[in-house]
Amino acid sequence: MSEDLTPGTVAPPLRAAVLRLARRLRVGRGQSALSNNKVAILSHLVREGESTPSRISAEERQHAQSLTRPLAELEAASLVERSPDPRDGRCSVLRVTAAGRDAFEADMRLRDQWLRGALSGLDRGELATLREAARILRRLGAPHER
């Protein structure tokens, strides 16, 4: 059986599978989990060390307005700290705090726990395929590529 493998035939089922998996990962965390926007902000700051709100907005592909409230809530909860940008006093620089890093890591542990359970029924070949798929998906989702 010859399968038509083109971006056009792969995109719809891949999108559906990724969205469904993302939904399942969110649901498995419980009510007290961080919102998606807060996770995106903390993930960016954990990865980059520090950043500006506009850079987070651009790299996370979000409207700046949609990050205003989560940033304020993260700052109020002492999960991020804000200071003036030394290069441009009109801007601010954000850094994740130790508590923010802990909250982010706890959220990731909950997701990983659910995912480990979901993966436990797969064989070695399927796990190897998913490891390769993860590498490709990471590349597709990188902010500076494509």
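The values are calculated or read from the model by the stated rules, or taken from the named source; none is laboratory data. Values in this document were obtained by computation on a predicted structure and should not be read as measured data. Methodologically, a virtual Cβ is constructed for each residue, glycine included, from the backbone with ideal geometry; neighbour enumeration extends over all protein chains shown. Areas reflect the complete protein model, heavy atoms only, side chains present, ligands, DNA and RNA absent. Shrake-Rupley method; radii C 1.70, N 1.55, O 1.52, S 1.80 Å.
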Inset, instruction - Pick out, in residue order, every one of the trypsin sites (Lys or Arg not before Pro) in region 80-123 that is DSSP loop and has at most 10 other C-beta atoms within 10 Å; say none if there are none. - result: ARG87, ARG90
Inset, instruction - Could you please state how large a percent of the accessible area of region 1-83 is carbon and sulfur, counting protein chains only and using a 1.4 Å probe? - result: 55
Inset, instruction - Mind computing the radius of gyration and Dmax over the alpha-carbon atoms of the chain? Å is fine for both. - result: 18.1, 63
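Mind giving me the FRET efficiency for ALA58 and LEU119? R0 is 41 Å, r the Cβ-Cβ distance, nearest 0.05 is fine.
It comes to 0.80.
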Inset, instruction - Any chance you could give the angle, 0 to 90 degrees and rounded to 10, that helix 124-141 forms with the longest Cα principal axis of the chain? - result: 40
Inset, instruction - Take every Cα pair under 8 Å in the chain that's 6+ residues apart, average their separations, divide by the length, and report that relative contact order as a whole percent. - result: 23
Inset, instruction - Evaluate E = 1/(1 + (r/R0)^6) for ASP112 and ALA11, where r is the Cβ-Cβ distance and R0 equals 25 Å; express this FRET efficiency to the nearest 0.05. - result: 0.40
Legend entry - Alpha-carbon centroids, region 1-75 and region 99-146: separation in whole Å: 13
Inset, instruction - Hey, can you find the accessible area per residue of the chain for me, probe 1.4 Å, expressed in square angstrom? - result: 71
Legend entry - Placed amide H near THR52: partners under 5 Å, 5+ positions off or other chain: LEU94
Inset, instruction - Give, rounded to the nearest 20 debye, the magnitude of the charge dipole that the chain has about its Cα centre when Lys and Arg contribute +1 at Cβ and Asp and Glu contribute -1 at Cβ. - result: 220
